[in-house]
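Just below is one structure, and these are the notes that go with it.
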Amino acid sequence: MDENRKNELISHMRTKILKKGCGALKQLGCVFRKMDIDFSKKICFEELQQGMRIYGIDVSEDELKLLFDAFDKDQNQLIDFHEFMIALRPPMPKSRVRVIDEAFDKLDVDHDGVLNVEDLKVTYSSNARKHPKFKSGEWTEEETLRHFLDSLDTPGSPDGQVTREEFHNYYSGVSTTVDDDCFFDFMMRACFGLKPKGHGGDPTTQDGAGGGT
């Protein structure tokens, strides 16, 4: 029963704080920073309580405790951005999760589970060279790739590496701005030069196969 109520509270909070048509990752970053009153990059119970008031989300004391527990996966009595994002990022159909994973796998040249500039030099340089600031000479190719990498990274604390989870976080935000599953799939494939859906003999690219995060 508690788990069902936790999910309901998370869903209610997500509806209240996310505006349709805007990038969810950027929005959640702003919400997190607003709730993080002491700038510790962690949210304590009292900060969550105050944040709920700021956003006009009315819950009882018991419901707030349930909500805090739903965020605080490691039970250290603090919510970090990773926990906050995982709980609140908009859910996606499996087909979208699969194409996001396909894009990550293509970019991750050395298959170490993280993306860095060296990976992007191999797989994304042609895209970087199309950027207006590269064309104008304002940015070098490496600076352009770094900018792209930082845009995928955890807001406010980029470390030069993007994990699969962070990649999912970013594109779950993009997903909220695209209503049509087929168009989202087409957009991802066009952006990252992926094979058309259903080609290449990989069963995970077929409808009805694969899984979520």
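Looking at the stretch 170-191, is at least one residue in contact (Cβ under 8 Å) with a residue 60 or more places away in the chain, open to solvent by 30 Å² or more (accessible area, probe 1.4 Å) and in a loop (DSSP other than H, G, I, E, B)? Let's see the steps before the verdict.
Of the stretch 170-191, the ones in contact (Cβ under 8 Å) with a residue 60 or more places away in the chain are 170-177, 181, 184-185, 188-189, 191.
Pick out the ones that are also open to solvent by 30 Å² or more (accessible area, probe 1.4 Å) and you get 170, 174, 176-177, 181, 191.
Applying the additional criterion that residues be in a loop (DSSP other than H, G, I, E, B) yields 176-177.
The answer is yes; a qualifying residue exists.
Quick check on the stretch 33-69: of everything there that is of a type in the set (A, V, I, L, M, F, W, C) and touching a residue at least 60 places away in the same chain (Cβ under 8 Å), which residue is farthest from Met13 (Cα to Cα)?
Of the stretch 33-69, the ones of a type in the set (A, V, I, L, M, F, W, C) are 35, 37, 39, 43-45, 48, 52, 54, 57, 59, 64, 66-68.
After this cut, where a residue has to be touching a residue at least 60 places away in the same chain (Cβ under 8 Å) as well, the list is 66-67.
Values: Leu66: 13, Leu67: 9 Å.
The qualifying residue farthest from Met13 (Cα to Cα) is Leu66.
Being part of a helix (DSSP H, G or I) and within 19 Å of Val178 (Cβ to Cβ) is the filter; apply it to the stretch 86-99 and report the residue that is nearest to the chain's Cα centre (by Cα).
To start, the set of residues in the stretch 86-99 that are part of a helix (DSSP H, G or I) comprises 86-88, 94-99.
Next, only the ones that are within 19 Å of Val178 (Cβ to Cβ) stay: 88, 94-99.
On the way: Leu88: 10, Lys94: 15, Ser95: 16, Arg96: 13, Val97: 11, Arg98: 14, Val99: 14 Å.
Per the criteria, the residue is Leu88.
Of everything in the stretch 117-148, what is closer than 16 Å to Lys106 by Cβ, open to solvent by 50 Å² or more (accessible area, probe 1.4 Å) and either in a loop (DSSP other than H, G, I, E, B) or basic (Lys, Arg) (or both)? Give them in sequence order.
Lys121
The values are calculated or read from the model by the stated rules, or taken from the named source; none is laboratory data. From a predicted model like this one, the values you see are computed outputs, not experimental measurements. Neighbour counts run over all protein chains shown; Cβ positions are idealised from the backbone, glycine included. Just the protein is used for accessible areas: all its heavy atoms, side chains included, with ligands, DNA and RNA removed. Shrake-Rupley method; radii C 1.70, N 1.55, O 1.52, S 1.80 Å.
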